[in-house]
Each structure stands twice: as C-alpha cells, then as structure tokens.
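First up is the structure itself, then whatever we jot down about it.
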Amino acid sequence: MKEIRIHARAGQGAITTAYLLGYAYFLKGMYPYAFPHFGAARMGAPMNAFVRVDSRPIRLRSQIYEPDYVLVVDPTLMRGFNCFSGLKEDGVVIINDKEGAEIPKLKAKQKVFLVPANDIAMRTIGRPLGNTALIGGFAAATGELDRDTLLEVVKKRFSGKAQEGNIQAIKEGYEYIKGVLK
Amino acid sequence: MREFVEGSQAIAEIVKLCRPGVISAYPITPQTHIVEALAQMVADGELSCQFVNVESEHSAASVVLGASATGVRAFTATSSQGLLYMAEVLFNISGLRLPLVMTCANRAISAPINIWNDQQDSISLRDSGWVQLYAENNQEAVDFHLMAYRIAEDKSIMLPVMVCMDGFILTHGMEPVDMPEQEKVDKFLPPYKPLYKLDPANPLTMGLLADPDYYLETRFAIQETFKDLLKFIPKVNEEFKNHFGRDYKDGLVEEYYVKDAEKVIVAMGSVCGTIKQVVDGLRAKGKKVGLLKIISYRPFPYARVYEILKDVPRVAVLDKAVSLGGYAPVAVEVKAAFCGKKKAPKVISSFIAGLGGRDITLESIKEVFAKLTQREINLEFIDLKPELIKEEYGE
C-alpha cells in the first residue's frame, strides 16, 4: 500500500490532483481511494487531499498520517503546518517552488524536490494552478506512474484549451525533474 | 463496467439507470454533488425526468411524496439539517406506503454547526418507517440504491428506503465502482406499477383522517411489513447476486471472521472497512477478533445478530451517533437481541467514535479491541481530548 498526502488551500485544485493520480493508478490496474478533507470549508482555507492505493481494494477510511509521498501545492502552508509530519523514513516530497519556498531539513533517506509548478502553469495554462506540473514532477521523481498514463488521464478529465495546457504542464514538470535527476 | 468515480457521481449514475420520473432536492453539503450531477443529466437530456427545484428540503420531500402518489418512481437526497427538516414529511411518506428511495449523505447535526460525517442524522429518523441500509463502500452504496427500489416497490412491501452513506468519506471518495449496464438494470428493476395512484380520471383519497378506530392498525401493518422485510431483503439480495454476480449474502448483516472470534466489534457504514483492516492485522498476530457489520438498521435483524454473536464471549458496539441521555443507538439494539435469551456474550461494551468527523484511525479501532476486557464498558467516547472538556463556569 502506498499513501500520498496533498497539502493545499481550498480552490487550488487538490481534489482534481488526487483524482488525476487516483485515475492514473486505476489505469495501471491498481485500486486507489482518493478523498479530500476540508478544514474550514471555504476558499483559501488549508485543506488536504489524499490518495491511498494498493493492489487490492482499499478498505481503510482514515486520513493519512504516515505518507510515502507528500505534495505541497501551496508552500506558504509550510509556515504554519508541519506538512511533513509522519513522512516515511524514505519518503519523497514534491514542493511547488513559488515565492522562494525554503527547502525543509528532512531525514537522511527522505528526498525533497522543488518544481517551479506555478511558473510552468502560468506559461502553459495561463493561471497559477501548478497541480499538473507537480504531478508530472511526482511521476519523474518517484517512478510511481508513467508520464503517458498521466497524459491519458488529463485527456479524460479536461477538454479543449485546458487539456492542451495541462498536457504541456505535465510534460514540463516531468522534464524539469528528469533534468534535476541527471 | 468498472470505473474510477466519485461516490456522489456513482450514485447519480445508478439513480439515472433506475429511470426515475421525478427528482426533487435542495442542495446541502455533503449531498450536493449527487443532485448537481442528476440536475446536469436532466439538463443535458441524458435522463428523461422532471427535476423540480424547490426552496427547502421540506418541499423536496413533499414534491417526491406527491410524485410517488401519482404512481411515478421518484428520488431525493439530503443530509443532516436537511433530513431533519424533512422529518414530518418522511413519516407521511411511510404512512402513505409510498415506495420512495432517498440517499442520506450522513453528516453531523448542529449546534455547533459541523459539516463533517457521523450518522446522527439518519439515526435520528430511526422511527420514521423508512428502511435504512448503511453502505461500507461506494460499490455497496450503488448496489443498495438499485436494490432499494426493488424492495420499496414490491407489492408486499410498499415502504420507502433510505440508503445511508458516510458524507465525504464515501460521497467525496473516489474509488473503482462496477457500474451495471442499463439492460441488466431494466431486467432487475421493471417499471413501477403502483397498486393505487392519484389520478383525476379515477379519484381517490390518500392519507385521510384515521380516527382512534383505525390509526392503530396502520402502525401494526407497517410493523408487520418490517418483519416481512427480514425475509424479503435476503430474497432481493439473492436475485441481485443472480443478475449482477455480487453477493451480499442476506443483505442484512456481514460477518467478518466472527466464527471462532473471542472479540467482535459491531458497527455500521464505512468504518467497517477500517475495522476489517485492523481485524486482518490482529488475526495475523493470532488474535481471534472479528467484525459484525450491520447493513439493515431498520428493520433491525435481531435474530441474525443473536445467532451470530450468541457464542462470542466479548462484543463491542461502535456507534457513530448518540442518543443523548440513553444507550447508544446500535448498542441498544444489540443488547436487546440478547435480553431474556439463553445464550449471550459475557460482555457487550458500547463505544462512541467519529462524531462530527473526528477521524477514526487504525489506532481508534485497536483501542476499542484493547478496551474490550472482562469489565463491561458503557458509552465510552473514543479519541476524546481531555484538554477540551475542562468545566468552566465563568464568574
């Protein structure tokens, strides 16, 4: 079983992000369970979305406290929250690098990747929604998902200009991390 | 076909496949996505149905009552305050023997206001004459809706069914669901043929005054039908298995490692998944633990619960609702199943968890098993924060 925790603010597309990741795992023949948890239930309030996935149906319905992976959609959340609480010893963190986000100090085997996801999103989608660039980076950093599976999922979820933009965002997020790893 | 889909979307899909003629609803979190999706289907012409927008849940319930009385298959959905606001109409619906189906996206009740999940809303409508089925996951939620119409509309039953699914956890949870094909749904669920209907060409009165000479028998009749439901629900589940291949056994309860168990938790809804996870972990360590999932809370399957638990030494009932000033709502039924019987568990302890969306974790469930000792516990709240319950009286 693998567990992903997404930190964002309500309205930043974290649920869609969880959906896209879940759908990609589903296409791989896995059993994902993707779900949100709202805080104050209003735009801009900190919230989480989660993806739990296994090779058999997921039954555990609690939130995720010991994630394998953490995605930080809004790095300003790192000021008030420990976004990395419970992260596995060899866990991987993907952070949207905007407004000079500081890289947190983590344990020896844990890895942190910064993706300029909002810059990519502004270029490709025209709005500061870095989610798809971030999951492109996630795929490259962790090897959990193929880039092409993510593209297929985006094609199912979006149409028209949004589809084009998000496809490009995934590609750029993916290539950015591939470049870092070289 | 297996799809990766949000619970609410899956419910909208299955309701569409059931071909309702009238839908009326008022949006409330966390039910909203269900009725939004249905409204979209109607607007897009995918579903030939009248969608009636109303100003309140009381009116939504009244609209579907009226629709059903004219012989049309109808649907509504709500949560929390919305369900309470429907309350008087819900009693009318069952009293009129109208076979409606509704989704309750389970949510806590105000005050204080809280949009998150527990089961206080539907539990509080326990005595309304509606069948109540609780889903563990979105596949069950989908399948139970389909069976709900079959159960409700059978001439031997003619009672409304409420399918309860945990708000957010299931309604907003996305997971794989096997969605049945229209053709198979049509075979399983033929068009609704009412016994009586409101029709200007053939006038009749429904819900007229029943004075003391008549009222008592109407309640007796409903109570008798609830007894029949204990046999009829298993029959519909058998038919469902033959049509769709998914086997919910009798459709009243699910046993999970109960046979040789020394400790069993009884619970309803999505928390049963979390409990199964803990049972697997403890079984791997050689602990004899199990789960009894209650699917049908109304009718409550007392005889089944008795048979299944009579030789289990220790039972814990985990409620996600309270009956303030009384025993917990599921616990009271489990205890009643053994009252005056020859055999009974030595201990039936009662725990409350998850109110207002307090997360029920693996640790919460392990704690329940750990506290299920020889000493019977009643109404213990799991995961209480002691720092929040200091008494303060001010000046």
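Readers should treat all values here as calculations from the given coordinates under stated rules, not as data from a laboratory. Because the structure is a prediction, the values reported are computed rather than measured. Ideal geometry is used to build each Cβ from the backbone, glycine not excepted, and the neighbour counts take in all protein chains shown.
First check a/c for the range B:109-166, with a ≥ b ≥ c the square roots of the eigenvalues of its C-alpha gyration tensor; if it is under 1.5, answer rounded, and if not, answer prolate when a/b is larger than b/c or oblate otherwise. Oblate is the answer for the range B:109-166, as a/c is 1.5 or above yet b/c matches or exceeds a/b. A Cβ-based charge dipole, computed about the Cα centre of chain B with Lys and Arg at +1 and Asp and Glu at -1, lands at about 1580 debye.
Considering only A:53, B:172, A:18, the residue lying farthest towards the positive end of the dipole of the protein assembly as shown is A:53, judged by Cα position with unit charges set on Cβ. Among B:309, B:282, B:334, whose Cα projects farthest towards the positive end of the dipole of the range B:253-388, with charges put on the beta-carbon of Lys, Arg (+1) and Asp, Glu (-1)? So the residue furthest toward the plus end is B:309. Among the trypsin sites (Lys or Arg not before Pro) in the range A:71-174, which ones are in a DSSP loop with at most 12 other Cβ atoms within 10 Å of the Cβ? Mind listing them? When the trypsin sites (Lys or Arg not before Pro) of the range A:71-174 are filtered for loop state and at most 12 Cβ neighbours within 10 Å, A:105, A:107, A:109 remain. Helix B:215-244 axis versus longest C-alpha principal axis of chain B: approximately 80°, rounded to the nearest ten. Each Lys and Arg contributes +1 and each Asp and Glu -1, all at the Cβ; summed about the Cα centre of the protein assembly as shown, the dipole is approximately 1440 debye. Take the alpha carbon gyration tensor of the range B:119-216, find the square roots of its eigenvalues, order them as a ≥ b ≥ c, and report rounded if a/c is under 1.5; if not, report prolate when a/b exceeds b/c, else oblate. It comes out oblate by the Cα gyration axes. Bridge orientation summary for the protein assembly as shown: considering DSSP beta bridges with both residues in this region, about 35 percent are antiparallel. Note on the range B:2-244: semi-axes of the ellipsoid equivalent to its C-alpha gyration tensor, largest first and rounded to whole Å, are 26, 21, 18. Between rounded, prolate and oblate, where does chain A land on the alpha carbon gyration tensor, with a ≥ b ≥ c its root eigenvalues, rounded for a/c under 1.5, else prolate if a/b exceeds b/c? Rounded. One quarter of the surface of the convex hull around the alpha-carbon atoms of the range B:283-338 equals 4.8 nm², the direction-averaged projected area.
At a Förster radius of 51 Å, what calculated FRET efficiency corresponds to the Cβ-Cβ distance of residue A:109 and residue B:391, to the nearest 0.05? So, using R0 = 51 Å, E works out to roughly 0.60. Taking the average, over residues, of other Cβ atoms within 10 Å as the packing measure, peptides A:7-15, B:47-55, B:284-292, B:382-390 rank A:7-15, B:284-292, B:47-55, B:382-390 from highest down. Dividing the convex hull volume of the alpha carbon atoms of the range B:1-89 by its residue count gives 88 Å³ per residue. Charged side chains reduced to their Cβ positions (Lys and Arg at +1, Asp and Glu at -1) give the range B:282-367 a dipole of some 440 debye around its Cα centre.
For the protein assembly as shown, the equivalent ellipsoid built from the Cα gyration tensor has semi-axes of 42, 30, 21 Å, listed from largest to smallest. When the Cα positions of B:8, B:42, B:30 are compared along the charge dipole of the range B:2-244, B:42 comes out farthest toward the positive end, with charges on each C-beta of Lys, Arg, Asp and Glu.
For the range A:168-179, 3J(HN,Hα) computed residue by residue from phi via the Karplus equation (6.51, -1.76, 1.60; θ = phi - 60°) reads 5, 4, 4, 4, 5, x, 5, 5, 4, 5, 4, x Hz, glycine and proline entered as x. Across the cross-link table entries B:184/B:366; B:227/B:310; B:235/B:371; B:231/B:341; A:98/A:161, which are compared at the Cα atoms, the separations over 31 Å belong to B:184/B:366; B:235/B:371. Taking the longest Cα principal axis of chain B as reference, the axis of helix B:80-95 is set at about 60 degrees.
When you filter the trypsin sites (Lys or Arg not before Pro) in the range B:162-208 for DSSP loop state and at most 16 other Cβ atoms inside 10 Å of their Cβ, you are left with B:197.
Reported value for the range A:81-164: 108 Å³ per residue, from the convex hull of its C-alpha atoms. Neighbour counts of other Cβ atoms within 10 Å put B:8, B:156, B:124 in the fewest-to-most order B:156, B:124, B:8. Checking every one of the chymotrypsin sites (Phe, Trp or Tyr not before Pro) in the range A:78-182 against DSSP loop status and a limit of 13 other Cβ atoms within 10 Å picks out A:81. Counting other Cβ atoms within 10 Å as a rough exposure proxy, the listed residues B:18, B:272 run B:18, B:272 from fewest neighbours to most.
Taken over the range B:253-388, the alpha-carbon convex hull comes to 113 cubic angstrom per residue.
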